[in-house]
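Structure first, commentary second.
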Amino acid sequence: MKSLTIVTTYSPRYWPLPIQKSIESTLENWPGHARILVYPDDQTQCMELDRLEHYDLCQEQPVLQEFINRNKNNSQLQTLGQKDYEFEYDAIRFSYKVFACIDAYQKTKPDMMWYLDADIITFEKIPMSWLEHIIPDHAFTSYLGRPKKGFSETGYYAFNTAHKYADEFFKRCEQYYAEDLFFNIQKGFLNHFPIAGYTDSFTFDAVRLEMEQAGKIKSEDLNDGRWAGDRKARHPFINSELGQYMDHMKGYDRKAQMSSKKRDLTTNQTHPYWKTLKD
């Protein structure tokens, strides 16, 4: 059986809900042999449950703390709460996810690693066979592309971390922050990114594209039309194969409702969970 690591990170903003429900549902429904690494921004907001491994990310990854210190007053970046806030330019807020994956990979070196936002609920038992279907051996990563937006949705991504180029992938991700390379991502990929942006989505796509173009990795885009032929869904996560087992409560309104909205669902998901949605 393949070894499996699950990674999540979260800020105090949505503690205790939906974070606690998300983590509890992961413990209940993901394979029991999985290691679950959790990176709370606030170390007082830890759930003392068996199998959870809690870490202080800035302590574990000094490069992240150096990046924050260097850029916390950078006028090119934005921070949550400022006037006319645009999340695409909040590099610091979205850097934690990248470093959580780097740290979890370094600590566990699993065969397979899944990152899940802490507002994803798993409502059905997930078999290993399905996980291996989502991230098959020929692919290094599985993700949700968004052709309309021009950058991937990264509330989820999975990695075949037994791949021979896994070390290089995560080292390149770190390099984008250690050397502030993310400021130049759009210049290097003008045909891919319609806008400049500094979130983890841009970093993930840039490194993925670099390594795909070099012939080092292949990727599986779960939003490529394989599931009901829909690439334009406003909520690609639940309208992909991932919706067979999980819901992603992205955005404030969905978190307040503790589910996605009925109008978000545009494909024929048959699990009874989806019959309970409201608008």
Which condition number does Tyr252 fail, the rest of (1) within 19 Å of the chain's Cα centre (by Cα); (2) at pLDDT 95 or above; (3) surrounded by fewer than 21 Cβ atoms within 10 Å (Cβ to Cβ) being met?
(2)
I need the full set of residues from segment 110-131 which are hydroxyl-bearing (Ser, Thr, Tyr), out of contact with any Leu (no Cβ under 9 Å at 6 or more places or on another chain) and surrounded by 15 or more Cβ atoms within 10 Å (Cβ to Cβ), in order please.
Tyr115
Total residues in segment 4-56, condition closer than 17 Å to Gln106 by Cβ and out of contact with any helix residue (DSSP H, G or I) (no Cβ under 9 Å at 6 or more places or on another chain)
2
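Among the residues of segment 103-132, which ones are more than 25 Å from Trp15 (Cα to Cα), of a type outside the set (A, V, I, L, M) and touching a residue at least 60 places away in the same chain (Cβ under 8 Å)?
Those that are more than 25 Å from Trp15 (Cα to Cα), of a type outside the set (A, V, I, L, M) and touching a residue at least 60 places away in the same chain (Cβ under 8 Å): Tyr105, Gln106, Lys107, Thr108, Pro110, Asp111, Pro127, Trp130, Glu132.
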What are the pairs, 6+ residues apart or on separate chains, where a residue within segment 17-45 that is closer than 19 Å to Ala100 by Cα has its Cβ under 8 Å from a residue that is among the hydroxyl-bearing types (Ser, Thr, Tyr) and part of a helix (DSSP H, G or I)?
Arg35/Thr108; Ile36/Thr26; Leu37/Thr108; Tyr39/Tyr96; Asp41/Tyr96
Hey, can you tell me all the residues within segment 237-249 that are among the acidic types (Asp, Glu) and either surrounded by 24 or more Cβ atoms within 10 Å (Cβ to Cβ) or assigned to a strand (DSSP E or B) (or both)?
Asp247
Does Ser260 satisfy the criteria of being among the hydroxyl-bearing types (Ser, Thr, Tyr), under 27 Å from Pro127 (Cα atoms) and surrounded by 21 or more Cβ atoms within 10 Å (Cβ to Cβ)?
yes
Any idea how many residues of segment 91-122 are outside any helix (DSSP H, G or I) and either closer than 21 Å to Phe182 by Cβ or aromatic (Phe, Trp, Tyr) (or both)?
7
Do we have Thr26 as modelled with pLDDT of 95 or more, in contact with a strand residue (DSSP E or B) (Cβ under 9 Å, 6 or more places away or on another chain) and in a strand (DSSP E or B) here?
no
Do we find a residue being of a type in the set (Phe, Trp, Tyr) and either in contact (Cβ under 8 Å) with a residue 24 or more places away in the chain or outside any loop (DSSP other than H, G, I, E, B) (or both) anywhere in segment 71-85?
no
Qualifying positions in segment 132-161 - at pLDDT 95 or above, touching a Lys or Arg at 6+ places or on another chain (Cβ under 8 Å) and surrounded by fewer than 19 Cβ atoms within 10 Å (Cβ to Cβ)
Glu132, His138, Ala139
Take the residues in segment 50-62 that are over 22 Å from Ser25 (Cβ atoms) and under 20 Å from the mean Cα position of the chain (by Cα), then tell me which one is surrounded by the fewest Cβ atoms within 10 Å (Cβ to Cβ).
Asp56
Checking the condition touching a Gly at 6+ places or on another chain (Cβ under 8 Å), at negative phi and not aromatic (Phe, Trp, Tyr), which residue from Ala158, Ala206, Ala166 passes?
Ala206
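The values are calculated or read from the model by the stated rules, or taken from the named source; none is laboratory data. Bear in mind the structure is a predicted one, so any value in this text is a computation, not a measurement. Every residue, glycine as well, gets a Cβ built from its backbone with ideal geometry; the counts of neighbours run over all protein chains shown.
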